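The structure appears below as C-alpha cells.
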Amino acid sequence: MMRAVAELQVLDRDAPLADILAALDADGGVVVRDLLSDDARRAIVDELAADLEATAPGSKSGMDLWETFHGRNTVRFCGLAARSRAFVDHALLNPVFTAVTDELLLANGADYWLNTGQVMAIGPGEPAQYLHRDENNWPEAVAEGREITVSCIFALSDFTVGNGATVVVVGSQRRPPGLVRGAETSPDEVAHAAMPAGSGMIYTGKVIHGAGGNNSDGWRYGMHVSFVVGWLRPEEASPLVVDRVTAASLPERARQLLGWGSYHSEGGGRTWLVDFEDASRLFD
Ligand SMILES: O=C(O)CCC(=O)C(=O)O
C-alpha cells in the first residue's frame, strides 16, 4: 500500500466558492464536507440499492485494460439519472459542484453536460487502481491550462485510507499534459481522500488520481459524477438511457445536462440539434 503523507484541504459546503476554487487550483482536488445532506445521501442509496445488489463486480468491457481499470471486485453501474430521482436533484444538480464546474468549464466552452454518473463500490481485497487523469479520455482535446472535464467522487459511505479512499497526487494537475497510466509518486505528494459519508472530493480532469486499495473487510460505496465541455462527446450516452418521458419529468437544467438540449458555441455554431432546432423544443 502506498504511504500517504500529503493532505487535501477539507472545506464545508458553505465555504466561499473562492476558497474551494483556490484549494482546487493549489492541489487539483478538494474535499467538501456535507456535499450531500444525510437525507439526500440516504435517498440516493435507497433508490440505487436494488441495482447495487443485482450488479456483479467486475468490468463489462471485455477488454483487459478496462477490466484492470474497472477493478475485478468493484461494482460499477451508470444510468443513475434513470434509476434515481434523488441522484438528479442532489448530485447532478448539486449547487456547490455545479458552481465549481461553471467556473472551470465555462471558460472553455459555452456549456457543459454530464460526462458520466457511476456507482463505484469497491469490495474487500480490491487492489489500488492504476493512477490516471480523467482528461485523457479525450486526448485530442487536452491542452495545457485548459480544463475540459471536472469530477466529483461522492462518499455514499465513509471513505478511509484502509477501505479505498481515492488517492490523489497533490499538485499533479500542474505536471505537463500527457497520458498517465500509473505514475511515479513520492509519499509526500500522495493524499487519500478519507472523508465521512456525504462528503465529496471535487477534482480537475488534470490531476493524477485513482481508487485506493480496499484492505478492509467492508465495501467502500462511492459515486462518481463528472461533467465535460459541451463540444466534446461524453463517456456515457445519457439520452440513450434516460428516456423522453423521464426527461420530461426533470427540471430543465437536468435535461440539458443529460443531453436533452443542444449546444450553441460562442462563434454561432450549433450542434446536437433536432431538425435544426434546439433539442429542448421536444418538451414545449
Ligand atoms: O473510485 C474512486 O475513488 C476513483 C475511481 C476513478 O478515478 C475512476 O474509476 O475513474
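The values are calculated or read from the model by the stated rules, or taken from the named source; none is laboratory data. Not measured: the values here are computed from a predicted model. Methodologically, a virtual Cβ is constructed for each residue, glycine included, from the backbone with ideal geometry; neighbour enumeration extends over all protein chains shown.
Restricting Val31, Val10 to those that are more than 21 Å from Thr149 (Cα to Cα) and in contact (Cβ under 8 Å) with a residue 24 or more places away in the chain reduces the list to Val10. Scanning the range 13-28 for residues that are without any contact (Cβ under 8 Å) to a residue 40 or more places away in the chain and in a loop (DSSP other than H, G, I, E, B) yields Asp14, Ala15, Pro16. Of the residues making up the range 208-218, those that are within 19 Å of the chain's Cα centre (by Cα) and in a loop (DSSP other than H, G, I, E, B) are Ile208, Ala211, Gly212, Gly213.
The set of residues in the range 44-77 that are among the aliphatic types (A, V, I, L, M) and surrounded by 14 or more Cβ atoms within 10 Å (Cβ to Cβ) comprises Ile44, Val45, Leu48, Leu52, Val75.
For the residues Ala143, Ala194, Ala110, the requirement of being touching a Ser or Thr at 6+ places or on another chain (Cβ under 7 Å) and without any contact (Cβ under 8 Å) to a residue 40 or more places away in the chain singles out Ala194. Report yes if some residue within the range 120-143 is of a type in the set (Ser, Thr, Tyr), buried (at least 24 other Cβ atoms within 10 Å of the Cβ) and touching a Gly at 6+ places or on another chain (Cβ under 7 Å); otherwise report no. Among the residues of the range 120-143, not one is of a type in the set (Ser, Thr, Tyr), buried (at least 24 other Cβ atoms within 10 Å of the Cβ) and touching a Gly at 6+ places or on another chain (Cβ under 7 Å), which makes the answer no. Based on this model, can you work out whether Gly171 counts as within 14 Å of the ligand (Cβ to nearest atom), over 17 Å from the mean Cα position of the chain (by Cα) and at pLDDT 95 or above? The answer is no for Gly171. The residue that is nearest to Leu179 (Cα to Cα), among those in the range 105-146 that are assigned to a strand (DSSP E or B), of a type in the set (Gly, Ala, Ser) and more than 11 Å from the ligand (Cβ to nearest atom), is Ala143.
The residues in the range 190-247 that are within 12 Å of the ligand (Cβ to nearest atom), among the charged types (D, E, K, R) and touching a helix residue (DSSP H, G or I) at 6+ places or on another chain (Cβ under 7 Å) can be counted, and the count is 1. Of all the criteria given as (1) closer than 15 Å to Gly117 by Cβ; (2) more than 14 Å from the ligand (Cβ to nearest atom); (3) surrounded by fewer than 20 Cβ atoms within 10 Å (Cβ to Cβ), the one not satisfied by Leu80 is (3). For Ala165, the test of being in a loop (DSSP other than H, G, I, E, B), within 12 Å of the ligand (Cβ to nearest atom) and closer than 25 Å to Ala81 by Cα is passed. Given the condition within 9 Å of the ligand (Cβ to nearest atom), touching a strand residue (DSSP E or B) at 6+ places or on another chain (Cβ under 8 Å), part of a strand (DSSP E or B) and among the hydrophobic types (A, V, I, L, M, F, W, C), answer yes or no: does some residue in the range 151-160 qualify? There is at least one residue in the range 151-160 that is within 9 Å of the ligand (Cβ to nearest atom), touching a strand residue (DSSP E or B) at 6+ places or on another chain (Cβ under 8 Å), part of a strand (DSSP E or B) and among the hydrophobic types (A, V, I, L, M, F, W, C).
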